[in-house]
1. Answer yes or no: is there a residue in the range 20-36 that is modelled with pLDDT under 90 and within 20 Å of the chain's Cα centre (by Cα).
2. Kindly check whether there is at least one residue in the range 205-221 that is within 30 Å of residue 55 (Cα to Cα) and touching a strand residue (DSSP E or B) at 6+ places or on another chain (Cβ under 6 Å).
3. Restricting the search to the range 237-250, which residues are surrounded by 11 or more Cβ atoms within 10 Å (Cβ to Cβ) and touching a helix residue (DSSP H, G or I) at 6+ places or on another chain (Cβ under 9 Å)?
4. Given 60, 75, which one is in the same structural domain as residue 186 (by TED's automatic domain parsing), crowded, with 21+ Cβ neighbours inside 10 Å and of a type in the set (Gly, Ala, Ser)?
5. Would you please list the contacts, defined by Cβ atoms under 9 Å and residues six or more apart or on different chains, that run from a residue in the range 169-188 that is at positive phi and assigned by TED's automatic domain parsing to the domain that holds residue 126 to a residue that is loosely packed, with under 15 Cβ neighbours inside 10 Å and not basic (Lys, Arg)?
6. Scan the range 21-38 and tell me whether some residue there is assigned to a loop (DSSP other than H, G, I, E, B) and either farther than 21 Å from residue 132 by Cβ or touching a Cys at 6+ places or on another chain (Cβ under 6 Å) (or both).
7. Determine which member of the set 100, 115, 137 is more than 27 Å from residue 195 (Cα to Cα), at pLDDT 90 or above and of a type in the set (A, V, I, L, M).
8. Considering only the range 59-146, give the helices (runs of 4 or more DSSP H) lying wholly within it that have at least 1 residues that are without any contact (Cβ under 8 Å) to a residue 60 or more places away in the chain and hydroxyl-bearing (Ser, Thr, Tyr).
Amino acid sequence: MTTIDIRRDGPVERVTLNRPEVRNALNDELIAELTDWASSIGGARDVRVAVLAGAGKTFSAGADVTWMSRAIAYSKEENQRDAERLSALFAALDRLPVPLIGRVHGAALGGGCGLAAICDVVVAEEQAVFGFTEVKLGIIPAVISPFAIAKIGRSAARELFLTGARFSATRARDIGLVHAVVPIENLDEAVGAYVSEFLSAGPNAVAAAKSLIAEVDSRSIDEARPLTARAIAERRVSAEGQEGLRAFLEKRKPRW
């Protein structure tokens, strides 16, 4: 792969956007390669956590200028196909069966901010800048909107989508886009702390919990109740659930 760098560190898959010369801007090739990677994780049983980062001075500055310049000449149908490929990327990342940690430094703008929104956990350095900046270009954050609104809510989206204003890592944490803000020299340590937390939990339980969030979020309480009762019953009788409960009662670490 040429636009992303993939490195395995035991049960941790580290994926780095690797276009530092254009601030890791999204183009057709990066979207295709990142989609292929996301689609492959479901079959990688030995991967338990994934970390998404950016090479160079920034996480991702959004859409590539050359890619956008081609879109000016596209027909509506061509633009729709182009947008559907980007939408497929975000859907594939959203469906990852393992936790995805975003390691954000420099800036996460436009589609880069969308990538942050799709991560389960985001750790940002304190000088990082965020922005759903599409309206500044006369377009809208359409493809990323389902994932971003689910993360930050309608109120913050109304302000930030409509103004296109850039905002700080602290503000990003306040609205739920980011979970931890640290000095840049502590960024990898903070990411590592989350990795350790995920690895201390049952891998199948983590995947099931991630799936549960999506299933419960779209249902009323009455609709969710039988689903949740079934889900916990299945986990309690599973081999992993049995091991976790026994380890707790025996005051030892579980074997996973």
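The values are calculated or read from the model by the stated rules, or taken from the named source; none is laboratory data. Keep in mind it's a predicted model, so treat the numbers as computed, not measured. When we count neighbours, we look across all protein chains shown, and the Cβ atoms used for this are built from the backbone with ideal geometry, even at glycine.
1. No: the range 20-36 contains no residue that is modelled with pLDDT under 90 and within 20 Å of the chain's Cα centre (by Cα).
2. no
3. 238, 240, 241, 242, 244, 245
4. From the options 60, 75, the qualifying one is 60.
5. What qualifies is 176/153.
6. No.
7. Residue meeting the stated conditions: 137.
8. Output list reads 65-73, 76-94.
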